[in-house]
Amino acid sequence: MIMEFESADIKKILQIIVDHFKNNEAKINDLNVFPVPDGDTGTNMLLTLKSIKKELSKLKDYNIREISEAIAFGGLMGARGNSGVILSQILKGFFDILKNDDGFNMNILEDALYSAKRLAYSSVQNPTEGTMLTIVKDLYLYLKNFNEINKDDVSISKLIDNLIIETEKSLVRTTFLLPVLKEANVVDAGAQGILEILKGLRFAIAEINKISGTLKIGEKKDNKNIGHKNQKESEIERIPVRITAAKEIKDWNINSDIKFIYCTEFVLTGQRINIARLREDIENMGDSTMVVGNENLVKIHVHSNNPQRVIGRALKEGILHEIDINNMVDQNKDKMKAQPAVKPSAPTMGLISVVNGEGIEEIFKSVGVDIVIRGGQTMNPSTYELVKAIKKLENEKIIIFPNNKNIILTATQAAKISKKDVIVFSTKTIPQGIAAVLNFNKDIAIEDNIRNMEEACSKIKSGEITIAVRDANFLVGEIKKGDFIGLFDGKIKVVSDNVISATLELIKDMIDENDEIITFYLGKDSKNEDKEKIRSEVSKNYPNLDIEFHNGGQPFYSYIFSIEQ
């Protein structure tokens with residue numbers, strides 16, 4: 001291989017990439033066209049890179065497989081916000097190919113970029129062009145076309161330069177692919193982040209001065225076999241998780257005969273896993289079967305008399321993790337001894353919510369949330385923090401309420417990793433989260449709970465008052481840094497130089513004749529005299545509206561409020 005790196009080289013390369021990215025973090029954050037204080041793209045990507053660096057530092061053996069696994073794991077567990085999750089999937093897809101090839105050539109690089117593109121697109125429910133997804137797609141298409149035309153060996157230094165040039169071209173195109181970017185005349189922040197990572201790599205390679213020579217073209221492979229191109233086939237299968245969860249070990253009647261003795265659970269990782277065939281084979285080995293996931297990561301649960309056959313079949317597809325095999329006859333006896341006269345009750349759902357503000361934390365705890373994770377705007381939690389919370393709960397069935405659109409993707413990744421039955425109920429605001437939890441009933445089926453919570457959220461209108469952190473231009477007009485802005489369900493509707501007028505104008509924009517109650521959550525820096533002025537004006541203008549105020553304690557947002565019928 002033309003690049004020979006020692007462990008110290010690997011550490012130095014990543015340190016230079018992280019340092020370079022950190023130097024450009026503010027520039028990337030400033031590209032965010034939305035002027036609200038949130039988990040900025042540059043910060044989220046930097047924290048994801050730091051998590052990878054930390055995971056690599058734990059390695060003792062720096063072979064390509066160990067390095068690839070560490071990058072994939074560190075990226076996934078440290079991912080914060082949408083940009084962090086997508087970055088982690090790009091890197092995982094790329095290194096999934098490298099770790100399985102002994103050599104390195106242009107066609108392997110093409111396959112790795114294809115894998116990165118495929119996994120990144122499949123990680124997002126509605127992929128949007130003009131983002132970092134476009135960058136990785138354009139890089140793959142560039143290399144694919146290059147390899148089709150070129151038959152000569154390629155200078156490595158020249159290749160890196162060309163990839164950076166193509167990234168810069170793709171970055172410029174993002175402005176014209178997303179209307180909001182075109183209106184603000186900026187490029188996409190996440191796409192800029194990818195460019196800075198590549199520039200950091202170029203600086204690092206030059207610094208260690210251990211790169212020379214050329215890359216050969218190599219043998220051409222059919223990359224159609226690198227996972228399915230049909231996105232729907234590669235996406236996580238959420239519905240079967242809910243349905244089969246009713247058959248998990250804690251749900252069966254302890255007085256019934258146990259046909260299959262061993263409850264077998266594990267996580268399988270691999271490439272091009274044929275889920276349908278794997279599920280069919282494992283279903284023939286027992287009952288209460290759950291085989292869900294995608295072609296790279298699958299959660300498996302089955303009751304069987306031959307767990308070795310289950311494991312043997314799975315090993316044909318990849319690597320096993322979190323293996324857990326229990327003798328259900330012994331468990332049954334233990335339960336009978338411990339509670340001979342009491343029939344165990346059905347397990348309840350565990351509830352996890354992501355919130356920011358001491359008052360709001362107390363509200364969520366008071367209405368039944370088991371674990372509150374501090375996070376939200378400006379401080380998106382990592383995948384690891386969510387996985388840690390999931391593991392902490394004894395419940396085998398869990399619902400996560402993200403309460404922020406930038407946390408939904410991270411929560412979804414955490415749910416995929418966990419071997420528990422985890423549902424991400426995609427609340428995007430604090431009022432939606434409170435409404436959902438208030439309508440959760442532990443005594444009814446999860447499907448009924450989901451329906452009730454969705455109905456409750458559909459009746460909630462969420463308002464937020466915050467301060468613009470950067471200049472911007474929107475349909476509401478020119479926004480200057482320091483202006484008060486009002487958001488209705490996440491969309492900017494009001495701009496004002498006064499917090500009271502911004503709040504009252506937003507309420508006017510949101511309210512209709514059928515609304516009955518408005519509930520305010522006071523921010524950390526909100527003033528009592530402002531609150532009373534708002535109360536007075538709302539009472540005067542909407543005499544039939546019930547008004548409630550609660551201490552939220554949230555930073556950055558003077559008021560969060562809900563209007564409901």
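The values are calculated or read from the model by the stated rules, or taken from the named source; none is laboratory data. Being a predicted model, the structure only gives us computed values, none of them experimental. Here the Cβ is made from the backbone with ideal geometry for all residues, glycine too, and neighbour counts use every protein chain on show.
Being assigned to a helix (DSSP H, G or I) and closer than 19 Å to ASN296 by Cβ narrows it down to one residue among VAL85, VAL124; which is it? Don't jump to the end; show me each part of the working.
Numbers: VAL124 fails: assigned to a helix (DSSP H, G or I).
Answer to the check: VAL85.
Which of the following residues is surrounded by fewer than 18 Cβ atoms within 10 Å (Cβ to Cβ) and in a helix (DSSP H, G or I): ASN100, ASN145?
Values: ASN100 fails: in a helix (DSSP H, G or I).
Residue meeting the stated conditions: ASN145.
Okay, residues lined up against (1) under 23 Å from MET77 (Cβ atoms); (2) over 16 Å from the mean Cα position of the chain (by Cα):
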residue	(1), (2)
VAL18	yes, yes
LYS27	no, yes
PHE34	no, yes
LEU46	yes, no
SER51	yes, no
LYS58	yes, yes
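Answer yes or no: is there a residue in the stretch 221-228 that is of a type in the set (Lys, Arg) and either modelled with pLDDT under 90 or in a loop (DSSP other than H, G, I, E, B) (or both).
Keep residues of the stretch 221-228 that are of a type in the set (Lys, Arg), which gives 221, 224.
When the remaining residues are screened for being either modelled with pLDDT under 90 or in a loop (DSSP other than H, G, I, E, B) (or both), the result is 221, 224.
Checking the stretch 221-228: at least one residue is of a type in the set (Lys, Arg) and either modelled with pLDDT under 90 or in a loop (DSSP other than H, G, I, E, B) (or both).
Quick one: in the stretch 418-445, of everything that is among the basic types (Lys, Arg) and more than 26 Å from PHE556 (Cα to Cα), which residue is surrounded by the fewest Cβ atoms within 10 Å (Cβ to Cβ)?
Filtering the stretch 418-445 down to residues among the basic types (Lys, Arg) leaves 419-420, 428, 442.
Okay, now just the ones that are also more than 26 Å from PHE556 (Cα to Cα), so 419-420, 442.
Details: LYS419: 19, LYS420: 20, LYS442: 12.
By that ranking, first place goes to LYS442.
Among the residues of the stretch 5-27, is there at least one that is closer than 26 Å to TYR114 by Cβ, modelled with pLDDT under 85 and either out of contact with any Ser or Thr (no Cβ under 7 Å at 6 or more places or on another chain) or part of a helix (DSSP H, G or I) (or both)? First the steps, then the outcome.
Filtering the stretch 5-27 for residues closer than 26 Å to TYR114 by Cβ gives 5, 10, 13-14, 17, 21.
Filter once more, so that each one left must be modelled with pLDDT under 85: 5.
Keeping just the survivors that are either out of contact with any Ser or Thr (no Cβ under 7 Å at 6 or more places or on another chain) or part of a helix (DSSP H, G or I) (or both) gives 5.
Scanning the stretch 5-27, I find at least one residue that is closer than 26 Å to TYR114 by Cβ, modelled with pLDDT under 85 and either out of contact with any Ser or Thr (no Cβ under 7 Å at 6 or more places or on another chain) or part of a helix (DSSP H, G or I) (or both), so the answer is yes.
Looking only at the stretch 28-50, filter to residues that are among the β-branched types (Val, Ile, Thr) and modelled with pLDDT under 85; which one of those is farthest from PHE556 (Cα to Cα)?
Let us first name the residues in the stretch 28-50 that are among the β-branched types (Val, Ile, Thr), namely 28, 33, 36, 41, 43, 48.
Restricting the remaining residues to those that are modelled with pLDDT under 85 gives 33, 36.
Values: VAL33: 18, VAL36: 9 Å.
If we take residues in the stretch 28-50 being among the β-branched types (Val, Ile, Thr) and modelled with pLDDT under 85, then VAL33 is farthest from PHE556 (Cα to Cα).
Does PHE440 meet the test of being part of a helix (DSSP H, G or I), among the aromatic types (Phe, Trp, Tyr) and touching a residue at least 40 places away in the same chain (Cβ under 8 Å)?
On the way: part of a helix (DSSP H, G or I): no; among the aromatic types (Phe, Trp, Tyr): yes; touching a residue at least 40 places away in the same chain (Cβ under 8 Å): yes.
Taking the combined requirement at face value, the residue does not satisfy it.
Select, from ALA26, ALA79, the only residue that is in contact with a strand residue (DSSP E or B) (Cβ under 9 Å, 6 or more places away or on another chain) and outside the structural domain of GLY477 (by TED's automatic domain parsing). First the steps, then the outcome.
Numbers: ALA26 fails: in contact with a strand residue (DSSP E or B) (Cβ under 9 Å, 6 or more places away or on another chain).
One residue alone meets the criteria, ALA79.
Of everything in the stretch 493-515 that's surrounded by 22 or more Cβ atoms within 10 Å (Cβ to Cβ) and of a type in the set (Val, Ile, Thr), which residue is nearest to the chain's Cα centre (by Cα)?
To start, the set of residues in the stretch 493-515 that are surrounded by 22 or more Cβ atoms within 10 Å (Cβ to Cβ) comprises 494, 499, 502-503, 506-507.
Next, only the ones that are of a type in the set (Val, Ile, Thr) stay: 494, 499, 503, 507.
On the way: VAL494: 30, VAL499: 33, THR503: 32, ILE507: 32 Å.
Filtering the stretch 493-515 for residues that are surrounded by 22 or more Cβ atoms within 10 Å (Cβ to Cβ) and of a type in the set (Val, Ile, Thr), the one nearest to the chain's Cα centre (by Cα) comes out as VAL494.
Table: residues versus (1) under 17 Å from LEU393 (Cβ atoms); (2) at pLDDT 90 or above; (3) more than 29 Å from the chain's Cα centre (by Cα).
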| position | (1), (2), (3) |
| --- | --- |
| GLU322 | yes, no, no |
| VAL329 | no, no, yes |
| LYS333 | no, no, yes |
| PRO347 | yes, no, no |
| VAL354 | yes, yes, no |
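Return a yes/no flag: does the stretch 64-76 have any residue that is touching a residue at least 24 places away in the same chain (Cβ under 8 Å), assigned to a loop (DSSP other than H, G, I, E, B) and buried (at least 23 other Cβ atoms within 10 Å of the Cβ). Let's see the steps before the verdict.
Kept after step one, since they are touching a residue at least 24 places away in the same chain (Cβ under 8 Å), are these residues of the stretch 64-76: 64-65, 67-69, 71-72, 75-76.
Next, from what is left, pick out any that are assigned to a loop (DSSP other than H, G, I, E, B): none.
No, every residue in the stretch 64-76 fails to be touching a residue at least 24 places away in the same chain (Cβ under 8 Å), assigned to a loop (DSSP other than H, G, I, E, B) and buried (at least 23 other Cβ atoms within 10 Å of the Cβ).
Identify all residues within the stretch 496-522 that are assigned to a strand (DSSP E or B) and free of Cβ contacts under 8 Å to residues at least 24 places away in the same chain; write none if there are none. If you could, list the steps in order and put the result at the bottom.
Restricting attention to the stretch 496-522, the residues satisfying the condition of being assigned to a strand (DSSP E or B) are 496, 517-522.
Passing the criteria: only SER496.
With GLU183, GLU168 as the choices, which residue is charged (D, E, K, R), modelled with pLDDT under 90 and in a helix (DSSP H, G or I)?
Details: GLU168 fails: modelled with pLDDT under 90.
Criteria check complete, one pass: GLU183.
Given (1) more than 15 Å from VAL355 (Cα to Cα); (2) touching a residue at least 40 places away in the same chain (Cβ under 8 Å); (3) part of a loop (DSSP other than H, G, I, E, B), where does LYS405 come up short, assuming only one miss?
Answer for LYS405: the failing condition is (1).
Can you confirm whether the stretch 81-100 contains a residue that is touching a residue at least 60 places away in the same chain (Cβ under 8 Å), among the hydrophobic types (A, V, I, L, M, F, W, C) and over 23 Å from PHE21 (Cβ atoms)?
yes
I'd like to verify a number: residues in the stretch 485-495 that are part of a strand (DSSP E or B), closer than 13 Å to PHE561 by Cα and in contact (Cβ under 8 Å) with a residue 60 or more places away in the chain, how many? I'd like the intermediate steps shown before the answer.
Initially, the stretch 485-495 is screened for residues part of a strand (DSSP E or B), giving 485-488, 491-495.
Pick out the ones that are also closer than 13 Å to PHE561 by Cα and you get 486-488.
With the extra rule that they be in contact (Cβ under 8 Å) with a residue 60 or more places away in the chain, the set shrinks to 487.
Total meeting the criteria: 1.
Answer yes or no as to whether LYS531 is at negative phi, of a type in the set (Lys, Arg) and not in a strand (DSSP E or B). Explain how you work it out, then say what you get.
On the way: at negative phi: yes; of a type in the set (Lys, Arg): yes; not in a strand (DSSP E or B): yes.
Yes: the conditions hold for LYS531.
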